[in-house]
Structures are given as structure tokens and as C-alpha cells.
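The values are calculated or read from the model by the stated rules, or taken from the named source; none is laboratory data. Every value quoted in this text rests on a predicted model; they were computed, and no experiment measured them. Here the Cβ is made from the backbone with ideal geometry for all residues, glycine too, and neighbour counts use every protein chain on show.
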Ligand SMILES: Cc1ncc(COP(=O)(O)O)c(C=O)c1O
């Protein structure tokens, strides 16, 4: 029998137990029973898609705020928020309005022409972050590639590194995306297996070890690429002073500090950017995901003139990067972040939820780590059966790196909704899934 805290909460009228069946859809007429509705969609994915993900078998068809619905009509609390891309909640009405309004005007011009959306986004981003310039792309990985190109070019043109010798320091456990260059400096064997040869010029160091960075610094180092807190690795928080120490070393050795805030940024950790927890100001900040509130892929790098000045027409670009639809959506997503105090909510409710989780006394929990509404619950064994059990209770989470459950709800979540989620987590550890093994 596991010890758990005694907890009572006022339950919102929501959850897995309550079903809402959409009526009259063509699919409903074709698929008669509850099980065939989901399984038919799952079969289509399995039969015709590439097998490159291992999703939970829940087939979603609607989202609103922190809630999502499956094709059976079951309602779930989304505790993943599309890996922090939906920080503003599903289908936020203000972002949707901007999307619809802009799509009635013009959606894509390419950067061959100017639009009335790009300049205002640049200006609003500058006002929000203080960085002089922004270079927009689409996916996170593209923005990371952009940062790598910026650092290399800065290294050759400004720092004076000999051609072809630029070196970028990266870290164990990193996750910066899936392009061939980026997976080439991952230390996750599966991400690389079968995808070589890889781009040279990256030196992998142990995450959290400042001495290793000090020792690796040399005149050819043009930049340090780092997640201030590692998300995919399981919400790994490095020792206090680590990022500040790296910032100092970068200054000493004239190298760029580049923080990947694609997952940690835009409020997730209770600050606009995670680097603020260490009081540093990077030279390049990489953002994506929540920049467009889940409606559209928009990513970017932010930097000042010295770095961004290395780009000249033709050096870099993207057909879709900076398109008017994406810009309008990003502008609305940033307004929502600010106007609805989502960063403050993340800080306050993150602490509230983390405190509650830490009161769960279970031998199956190895460690609980978190900053803001970004929490990793590391178990002594596989997290997958726990995520599946939470799914059955109406709470959608996903395991990361085998043993960790990541909690990252939309930042619009309320205290009552967190209480509701907490009750499910407590139930889970009171009656854990059978396949969980405890380490001796
Ligand atoms: C820190 C970080 N960098 C980069 C990426 C890649 O972003 P995308 O999947 O949009 O290419 C991710 C995605 O999870 C991420 O968490």
C-alpha cells in the first residue's frame, strides 16, 4: 500500500467519466460502436503513415482552452500542451480571430515583397524582449539551424575565426530538433542511427558541468548552444549559476551565448525566457512553438545588430518564414501572453502544483523537478503505463526519456483545474499500473 497525501478538491464537471457524443457526423454513421471509432482512425495512421511516433491511443478531434475531446466524445485535460506550443490554450478566440481576419486578407507573399504584418511583429517583439532584431522561420529546428548559421558567419566575419574552423559547444541530453545537422550533435543514439554522415564543428560537453565549458573554450569557439533547462531530457535543471557562468565564459572568450527557448520560453518557466532565472542576456535567443499559440508554425531567432548584421540578402531565408498569416497569429499570441498574465500564472500555479506533487509519498517516484508550469516526475521505472493510466482518468501526459512524465499544461490553467489533475495523479500512485517495477 502506497502512502499518499489526503486531498480533497472541488471537481469541475469534467473528466473522462463524462462523455459528450457528437451527433450526426458521417464518421458516426459509419462507425457504430465506441471502439471502432477510435480504432478506425488508428488503423488509418498505422496503415498509411510513417511509423515515426508512438502516440497514446487517444484520437482527438476538438480542443478548447485546457480541454480536448476524443472521437468517442470523452473529455480530457491536456497536460502536455503540444510540447508547450499551446501555452495560450487550444483555439484561443483572440488568436483564432487574428488568423481568420488575416486569412481573409493575404496569407502568403513570400519575402519577395513586404507586408503590413512583418514590420509590426518585429517592432512588438523588440518592445517585448529588448532584442534589436528578429529573423523569422517556421519550425523550431529551422530556427536552431538559423542560429548555427548566424554564429558561424559571425565567427568568420566578425570574430575572425579561420575559414572552416568554427566550433560550437553543445551539451549531453540536448534536444534542438531533427534535421541532419542537429541530430548529428545529439547524444541520443536513436536520433542519429542511420542518418550520418553528420555536420562537423560541434563539441559535446556534459550538461551542468561549468569546468567542462571552461576547458573546451578556445579561439575557434564561436558559440555555445544550450537549453537553459532541458525539456525533452525530462525537465533537467542545471546547477544554480551554471548559465551565468557560461555567459561569463562566453564574454571572456568572445563567443556567442545562444539559448534555445523553443520549449522553455514564452512563459513556460514562469518568466518570459528561462535564461532570466540566471540574470543573463544571451546573444541569440531561439524561439518557436508558443510563438503562434498552436495555430501555425512560427519560429525565430532574436539578436542585436552585431550578430544579425552578418546576414545579407540571399544568405538565408524561407518561403514561408515571416509570412503575413504567421505574423498576424504570432502578434495575437504574444498579446494573449501579455494581456492574460500567463507568465505570472505559470510562476504562481507552477509553485502551487509542484508543492502539492512533492507531498505525494510514493516509492515509485524517484524525483520531482520543475520550474513554473513545467514539471518532470521521474519514476523508478517506465513512465508509459502511468501515462496510459492517466489517460484513462482523463489526464493527457506523455512520457519523455522512458522514465519521466512531463507535466506542461496550457498556461491559462486555473487552480481548480490543477486540483482536479492532482487528484488523478494521487489516484494513480494509490493504485499504480501493474507493470511498474521499483528499483531495489
Ligand atoms: C528545445 C527545443 N528545441 C528545438 C525543438 C524543435 O522544434 P520543432 O519540432 O518545431 O522543429 C524542440 C521541440 O521539441 C525543442 O524542445
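Just one of 178, 152 is out of contact with any strand residue (DSSP E or B) (no Cβ under 8 Å at 6 or more places or on another chain) and either in a loop (DSSP other than H, G, I, E, B) or touching a residue at least 60 places away in the same chain (Cβ under 8 Å) (or both); which is it?
The conditions single out 178.
Right, residue 392: outside any loop (DSSP other than H, G, I, E, B), at pLDDT 95 or above and crowded, with 16+ Cβ neighbours inside 10 Å or not?
No.
Kindly establish whether residue 402 is within 22 Å of the chain's Cα centre (by Cα), surrounded by fewer than 18 Cβ atoms within 10 Å (Cβ to Cβ), touching a residue at least 12 places away in the same chain (Cβ under 8 Å) and not in a helix (DSSP H, G or I).
Considered against the rule, which asks whether it is within 22 Å of the chain's Cα centre (by Cα), surrounded by fewer than 18 Cβ atoms within 10 Å (Cβ to Cβ), touching a residue at least 12 places away in the same chain (Cβ under 8 Å) and not in a helix (DSSP H, G or I), residue 402 comes out as yes.
Run down 290, 300 and say which single residue is within 14 Å of the ligand (Cβ to nearest atom) and either within 21 Å of residue 94 (Cα to Cα) or in a loop (DSSP other than H, G, I, E, B) (or both).
Only one candidate qualifies: 290.
Across region 203-229, which residue is surrounded by the fewest Cβ atoms within 10 Å (Cβ to Cβ) among those that are within 20 Å of residue 253 (Cβ to Cβ) and within 15 Å of the ligand (Cβ to nearest atom)?
Top of the filtered list is 207.
Could you list all residues from region 292-321 that are within 21 Å of residue 155 (Cβ to Cβ), surrounded by fewer than 24 Cβ atoms within 10 Å (Cβ to Cβ) and touching a residue at least 12 places away in the same chain (Cβ under 8 Å)?
304, 305, 306, 308, 310, 311, 315, 316, 317
If residue 247 meets every condition in (1) in contact with a helix residue (DSSP H, G or I) (Cβ under 6 Å, 6 or more places away or on another chain); (2) part of a helix (DSSP H, G or I) apart from one, which number is that one?
Condition (1) is where residue 247 drops out.
What number of residues within region 218-238 satisfy the criterion of being touching a residue at least 40 places away in the same chain (Cβ under 8 Å) and in a loop (DSSP other than H, G, I, E, B)?
12
May I ask you to verify whether residue 307 is modelled with pLDDT of 95 or more, within 19 Å of the chain's Cα centre (by Cα) and in a helix (DSSP H, G or I)?
No, not satisfied.
Suppose we filter region 92-129 for residues that are in a loop (DSSP other than H, G, I, E, B) and in contact (Cβ under 8 Å) with a residue 60 or more places away in the chain; how many remain?
11
Can you tell me which condition residue 193 does not meet? The list is (1) without any contact (Cβ under 8 Å) to a residue 60 or more places away in the chain; (2) more than 16 Å from the ligand (Cβ to nearest atom); (3) closer than 18 Å to residue 283 by Cα, and all the others hold.
(3)
So which residues in region 252-274 are part of a helix (DSSP H, G or I) and away from the ligand (no atom under 16 Å from the Cβ), if there are any at all?
Hit for region 252-274 is 252, nothing else.
Of the conditions (1) touching a strand residue (DSSP E or B) at 6+ places or on another chain (Cβ under 8 Å); (2) closer than 29 Å to residue 238 by Cα; (3) not in a strand (DSSP E or B), residue 344 fails just one. Which one is it?
So residue 344 meets the others, but not (1).
If residue 295 satisfies all but one of (1) under 21 Å from residue 131 (Cα atoms); (2) not in a strand (DSSP E or B), what's the number of the condition it fails?
With (1) under 21 Å from residue 131 (Cα atoms); (2) not in a strand (DSSP E or B) applied to residue 295, the lone miss is (1).
Out of the residues in region 152-174 that are within 27 Å of residue 298 (Cα to Cα) and touching a helix residue (DSSP H, G or I) at 6+ places or on another chain (Cβ under 8 Å), state the one that is farthest from the ligand (Cβ to nearest atom).
154
I'd like the full set of residues that are away from the ligand (no atom under 16 Å from the Cβ), touching a helix residue (DSSP H, G or I) at 6+ places or on another chain (Cβ under 9 Å) and within 23 Å of residue 421 (Cβ to Cβ), limited to region 34-60.
Matches in region 34-60: 56, 57, 58, 59.
Please pick out the residue among 334, 249 that is buried (at least 18 other Cβ atoms within 10 Å of the Cβ), more than 16 Å from the ligand (Cβ to nearest atom) and more than 30 Å from residue 100 (Cβ to Cβ).
The match here is 249.
What number of residues within region 74-89 satisfy the criterion of being part of a helix (DSSP H, G or I) and surrounded by fewer than 24 Cβ atoms within 10 Å (Cβ to Cβ)?
Residues in region 74-89 being part of a helix (DSSP H, G or I) and surrounded by fewer than 24 Cβ atoms within 10 Å (Cβ to Cβ): 2 in total.
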